[in-house]
Amino acid sequence: MGLHLGWIPNEPELRPRDFGQPTPSEPAPDPAKVAALHAAHHARGMWSRMLVVIGLFAFVLFGLIAAFTRDHWAWAVAAGLAACCWLPVVLLGLNRRRAATQLRTETELRARQHATELAEYEQGKARWARSETERIATAPRWLQVAAHEDVSRLDVFGGTGSGRQNMVTGLGWELLGQHAVIVLDLSQDRVAAGLLAAAARAGISCQDYELPRDLAATPLLAGLGGDQVASLIVEVVHADDASATAAGRATDLMILRKITGVLGTDVSIGRLHAALTSLLGHRPAESDRPAEGNGPVISAGPDAGSGPAAGDSLLTAGERARLRALFGEGFLHQVAGNLVRLAAVVEPLTALGAAPQQRPPARLTCLSLADGPRDVATDLTAALVVQWVTRAVSADGNAADGGPRPAVILAGADEQSTRHLARLTAVCERYGIPLVRAFSRLTEESSRHLDTRHTAFMRLATRSEALRAAEHIGLERRFVAGRFAHRQSVSRSRSRGTSESVTHTTGRTEGEATTHTTGTTTGQAYSQAEVPRQPQQQVRVQVEEHRPRDSGDRGGSAGGRQPSGGGSGAGSAADRGTSDPRPRGRSGSGGGSGGSRVSVSAGGGKPGRPRVDIMRTRTRFTMQHESDAKTKSWSTTEEESRTSTTSQSQTDGVSVGDEITYELVYDHKVQPETLMALPEDQMLAPHIVEAAAPLAATANTPGAAISGSKPAVTTESKMVALVIDPSVVGSELVAAVHPGEIPAFEPPAPAVSAQVPDYQRVKRPALGGG
């Protein structure tokens, strides 16, 4: 495995996979039997009614003939014709019933077979679900992403102090398994605190030096000769000098080598500084010289004014004499500026190695700059540390002792010169030493280190830095990110409360209302009625006069005018009786010779329907009304309530809870705003991409619409945001993968509502049920 980069949640493997076999579909009826049933049904429907009607008509017709003619042969013909018409109807019905029976038998057989297949499918699906449950229970929760074997360097840009601490803790812990890790914390953020604590809990030997406080105990010069110390000091002097030339560096190196040649094998920063100040003319007073020439002399520093000098026992008189003899007056005049620069640079480092402690080799070595204002001593110490680790890596790379090879983590690399970083990188790549360089800012100077295989980004502080990173990655590229949360809660509670409340409410309500209403109503009413007319009674009066015959009259004339006169008299009397109906007196029949008779008769009108009279009426009316109403109400309310509550709760002990949650977020475009909002426990590496997603079920697969699977598509490769905080992973199961083996984080298929019916399993009505 290559260099550890981070973790990603094994989200695809923690989902149950779909059962591979399709759901058995409902059996379809036999097409031949369905066609036969349809044909029989059609034939019966088309011919049955017509034959039944024809048979009935023939039977009725010949039956009537037989009834009128009383011939028995007509009944036989009627029965024969009816039988000839109705027998095919029976045959068609039997044919349809036989086709329906065959189709029903075939359908029931296929239904039983489908029930068997469905039961086997459900059993297989249940076994698959149990196996998926067991697989998920034993599946690793996280995937550890490691670079390819040929990638042993990682450059991380951006991040916060806690984010870089998480990154150093995660990467350093993985490197401790096979390497002796050296952490150089030049960012003054104590990014190695988490790694030191983890190593201490695991019982791994470690050494922690805080510079420049622990310069005296720091073994930075352990095992170095005079020429190596001289070369180290020259690189520290010209660490931040952009105009430094090879000639100037060579001059300083020559001066220091002459001095270290005089000092012999006992070369330290303190003795080197004493030699430089001695050459600059800071000689001790004559009274301070020892009696013997070879005894120790007092070497006063530049700040010596009163009291003994700090380096009084660092140089001997012979070493002083050899230095004065080695550097003549003319040469000292030429290199006076170099001597002053060298002495000024060496002076803050005089405590280096002054009190070395014999410590056994440690698996983890951490050298960090103390927090505070960054001064000259801090910058010189940082440059010295970088040069020291470069030489240490080179020495360990050439050694063949079989011990663990070193690995270097450099935090605050943007504070160092490009030339020194390039040398350290070249040495690590030459010997295959894992190297992690963390740049706090992505400035124009540090952006020169961007490449395609070894670059990663954390949260960037400013838009200009985020724009540089987005342009390097590609503004249109997408990546999968996630939100992670690690929460720990501790609770302890004890409470007691008492409350009492009294409420008294009194109210009175009084009201009066008066209502006066006045109105006028005007209208017309029409009515129509039909009244049957009663028949009129007619009265007929007939008067007959009977006069006696007079003897004095002329018989001839009277007898001759009798009929006509009588007739005329009768007619006149009748007419008179009609016109004057008053009764006249009848004389008694004194012999029946004279008098009159009146007869009255009543009769109805003409016979027929009674006539109807129509009566129409119209009524006009005007009404005025007036009403008064007066209402008064009084109410008095008084209420009193008392509530008393006493509650007491007590919790003994401490409740501690840990919760780690994560949520994947898809399809983030690499924009400056996105990089500025990246969570501080995540790292984005452009060369870490997910593998292509497996092909999903196609749309025409049975059950695809029900299970919510999507059609087969080609998933574009997306970058993956890596988790760098080991506390998020915790003690969960972890599996190692290469960048090309990262599964694609496809969102889960949407769940189908229980209200949606399964149309593939819904029962269909049987054909020909009627």
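The values are calculated or read from the model by the stated rules, or taken from the named source; none is laboratory data. Being a predicted model, the structure only gives us computed values, none of them experimental. With ideal geometry, Cβ positions are generated from the backbone for all residues, glycine too; neighbour counts draw on all protein chains shown. Protein only, heavy atoms only, side chains kept; ligands, DNA and RNA dropped before computing areas. Shrake-Rupley method; radii C 1.70, N 1.55, O 1.52, S 1.80 Å.
One table, with the values for the structure above:
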quantity: Accessible area (Å², 1.4 Å probe, nearest 10) - Lys669; calculated: 80
quantity: Efficiency of FRET from Cβ geometry, Ser717 and Arg130, R₀ 35 Å, rounded to 0.05; calculated: 0.50
quantity: Cβ-defined net charge surrounding Val262, 12 Å radius [Lys, Arg +1; Asp, Glu -1]; calculated: +4
quantity: Alpha-carbon Rg/Rh ratio, for the range 180-231, with Rh computed the Kirkwood way; calculated: 1.05
quantity: Distance-filtered residues of the range 1-44 - backbone nitrogen under 14 Å, label point 7 angstrom along Glu149 Cα→Cβ; calculated: 1-3
quantity: Surrounding net charge for Cys428, when Lys and Arg each add one and Asp and Glu each subtract one, Cβ distance under 14 Å; calculated: +2
quantity: Full-stretch length increase - Asp371, His504 - with 0.36 nm per residue and alpha-carbon distance subtracted; calculated: 41.1 nm
quantity: Separation of the Asp451 and Ser627 label points, Cα + 7 Å toward Cβ, nm; calculated: 10.5
quantity: Local electrostatic count at Leu232 - Lys and Arg +1, Asp and Glu -1, tallied over other residues with Cβ under 14 Å; calculated: +1
quantity: Gain upon complete extension [Ala344, Val90; 0.36 nm per residue less C-alpha separation]; calculated: 78.7 nm
quantity: Segments 417-426, 200-209 sorted - mean Cβ within 10 Å per residue, highest first; calculated: 417-426, 200-209
quantity: Average accessible area per residue (Å²) across the range 5-88 - probe 1.4 Å, nucleic acids and ligands excluded; calculated: 64
quantity: Amide H contacts under 5 Å for Arg153, placed H, 5+ residues apart; calculated: Leu435
quantity: FRET E, pair Asp266, Arg405, Förster distance 51 Å, beta-carbon r, rounded to 0.05; calculated: 0.95
quantity: Taking the range 125-202 and dividing mean pair separation by its residue count, relative contact order in percent (alpha carbons under 8 Å, at least six apart); calculated: 29
quantity: Heavy-atom accessible area ranking, 1.4 Å probe, most first, across Met719, Met676; calculated: Met676, Met719
quantity: Per-pair calculated FRET efficiency, R0 = 30 Å: Arg359 and Ala193 via Cβ, rounded to 0.05; calculated: 0.90
quantity: Sequence of Arg110, Arg453, Arg320 when ordered by accessible area, the most exposed leading, probe 1.4 angstrom; calculated: Arg453, Arg110, Arg320
quantity: Segment His114-Ala83, extension gain: residue separation times 0.36 nm, minus the distance between their alpha carbons; calculated: 6.6 nm
quantity: For the range 7-22 and the range 206-220, distance of Cα centres in Å; calculated: 51
